[in-house]
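The values are calculated or read from the model by the stated rules, or taken from the named source; none is laboratory data. Everything numeric here is computed off the predicted structure, so don't read it as measured data. Cβ sites come from the backbone with ideal geometry, for glycine too, and all protein chains shown count toward neighbours. What goes into the accessible areas is simple: the full protein's heavy atoms, side chains included, and nothing from ligands, DNA or RNA. Shrake-Rupley method; radii C 1.70, N 1.55, O 1.52, S 1.80 Å.
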Amino acid sequence: MYDIIIVGAGAAGLTSAIYARRANKKVLVLEAKSYGGQILNANKIENYPGIESISGVEYSKTLYNQVKKLKAEIKFETVLKIDEDKNVFTNKGKYNSKAVIIATGAENRKLNIEKEAEFVGKGISYCATCDGNFYKDKVVAVNGGGNTALEDALYLSEIAKKVYLVHRRDSFRGDDSYVSELGEKENVEFVLNSHIVNLNGKDKLESITVADNLNNKKELAIDGLFIAIGQSPKNEIFKNVVDLNEYGYIESLDGVHTKTKGIYVAGDARVKELRQLTTAVSDGSIAATVAIKEMK
Ligand code: NAP
């Protein structure tokens with residue numbers, strides 16, 4: 001019997017583990033893939049207070065080592081189900097605990113075209129707030145038509161020399177107010193009814209090829225591409241113990257509690273305003289502290 005089982009070894013989950021171990025609780029962290037979560041993909045992190053610059057890999061390693069030093073148990077197993085009695089079933093076994101923190105994050109939706117994975121951190125980013133600053137006075141493109149893409153384009157228009165906003169339709173899913181604001185920006189150009197069909201470059205991204213609905217193609221020379229075509233959380237398996245919103249994020253009234261007593265949520269997996277490293281570690285610390293307080 002563990003005190004706390006944490007599902008997910010990203011920034012939120014590992015922070016929960018730090019807080020729980022420092023309170024001397026028996027902790028198990030379950031992770032399906034590798035530790036670190038989404039922040040592993042960050043080329044450089046330069047918006048984390050107190051750390052001027054660090055790579056995502058280095059940050060994740062340091063965090064993981066911190067958790068190991070505190071003697072949290074970490075198992076690389078895939079969680080398949082959690083029940084109301086806080087039994088956690090994995091591909092390898094069953095564990096029981098007094099509290100469970102779900103910190104499974106969310107994955108950025110991918111374009112699934114050639115060289116996409118290869119150019120991550122070499123011109124391709126899924127997070128303008130994280131990486132925008134690396135493109136000061138450069139030419140960038142944002143792909144997508146939702147609020148994230150529109151906000152990203154606005155944010156980048158203050159940093160980059162030029163921003164192409166590439167969207168597959170001629171109307172936007174995101175708010176009209178953002179669209180109007182973008183329309184007034186001299187350095188923003190809408191590239192509508194267009195799909196990105198090729199990512200070009202040798203060692204890093206140098207240009208994209210976009211095709212319109214009639215398959216007319218053109219090449220745009222850019223330094224950076226921000227892909228903002230939505231995210232997919234991975235919370236379907238928890239549906240029996242938590243409520244999900246229409247996008248699949250976990251609902252919580254106060255950002256910590258789910259609908260099931262003793263089951264908490266932290267990080268990108270939950271409905272929230274801002275999905276960043278700072279908010280993930282904040283969530284992780286709060287979830288563990290609340291769980292410990294409410295533990296019998
Ligand atoms: P989203 O609203 O789901 O929009 C995704 C966009 O990407 C859509 O325009 C979609 O095109 C496009 N897209 C999807 N798959 C694509 C593909 N394979 N290739 C090219 N384009 C593709 O996602 P989001 O912008 O991340 O926002 C998620 C939720 O958070 C939304 O509810 C949004 O309003 C909310 N949000 C709110 C704020 C805010 O209020 N300040 C800020 C950010 C996000 P189609 O339109 O053609 O489907």
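Odds and ends about this structure:
- In order through segment 32-37: 3J(HN,Hα) via Karplus (6.51 cos²θ - 1.76 cosθ + 1.60), integer Hz, x for Gly, Pro: 7, 10, 10, 5, x, x
- On the chain, 47 percent of the accessible area sits on carbon and sulfur atoms, based on a 1.4 Å probe.
- Additional length obtainable on full extension of the chain from residue 114 to residue 219, 0.36 nm per residue less Cα span: 36.2 nm
- Between helix 56-69 and the chain there is an angle of about 0 degrees, using the helix long axis and the longest principal axis of the Cα atoms.
- Shape box of the chain [Cα atoms, principal axes, largest first, Å]: 62, 35, 32
- Local electrostatic count at residue 25 - Lys and Arg +1, Asp and Glu -1, tallied over other residues with Cβ under 12 Å: +4
- Spacing of the modelled spin labels on residue 26 and residue 295, each 7 Å from Cα toward Cβ, amounts to 1.0 nm.
- In this structure, the pairs whose alpha-carbon distance is over 27 Å, taken from 33/68; 115/162; 81/122; 69/272; 25/61; 33/162, are 81/122; 69/272; 33/162.
- In the chain, a dipole from Cβ-located charges (positive for Lys and Arg, negative for Asp and Glu) runs towards its positive end, and of 255, 124, 2 it is 2 whose Cα lies farthest in that direction.
- Selection from 113, 99, 153, by position along the positive dipole direction of segment 78-195 (Cβ): 99
- Linear extension gain, residue 232 paired with residue 57, 0.36 nm per residue minus alpha-carbon span: 60.8 nm
- Cα gyration tensor category, rounded, prolate or oblate, for segment 116-227 with a/c compared to 1.5: oblate
- Part-to-part distance (alpha-carbon centres) for segment 104-122 and segment 64-98, which is given in Å: 27 Å
- Look at the alpha carbon pairs under 8 Å that are at least 6 residues apart: their mean separation over the length of segment 116-227 gives a relative contact order of 32 percent.
- Whichever aspartates and glutamates have a C-alpha closer than 12 Å to that of residue 261, once near sequence neighbours (fewer than 8 apart) are set aside: 83, 84, 85, 294
- The long axis of helix 277-294 is offset from the longest Cα principal axis of the chain by roughly 20 degrees.
- Per residue, segment 1-89 exposes an accessible area of 50 Å² to a 1.4 Å probe, with every protein chain left in place.
- Dipole check for segment 235-295: with +1 at the C-beta of Lys and Arg, -1 at the C-beta of Asp and Glu, and the Cα centre as origin, the magnitude is about 160 Debye.
- Segment 1-49 pair-distance distribution - Cα-Cα, 5 Å bins, rounded %: 5, 21, 25, 20, 14, 10, 5, 1
- Using a probe of 1.4 Å, the accessible surface attributed to residue 263 totals some 0 Å² when neighbouring protein chains are kept in position.
- Helix 147-157 axis, angle to the chain major axis (alpha carbon atoms, nearest 10°): 60 degrees
- Take segment 116-227 with all the other protein chains still there, run a 1.4 Å probe, and you get 50 Å² of accessible area per residue.
- Computed from label points 7 Å out along Cα-Cβ, the spacing between residue 73 and residue 85 is 1.8 nm.
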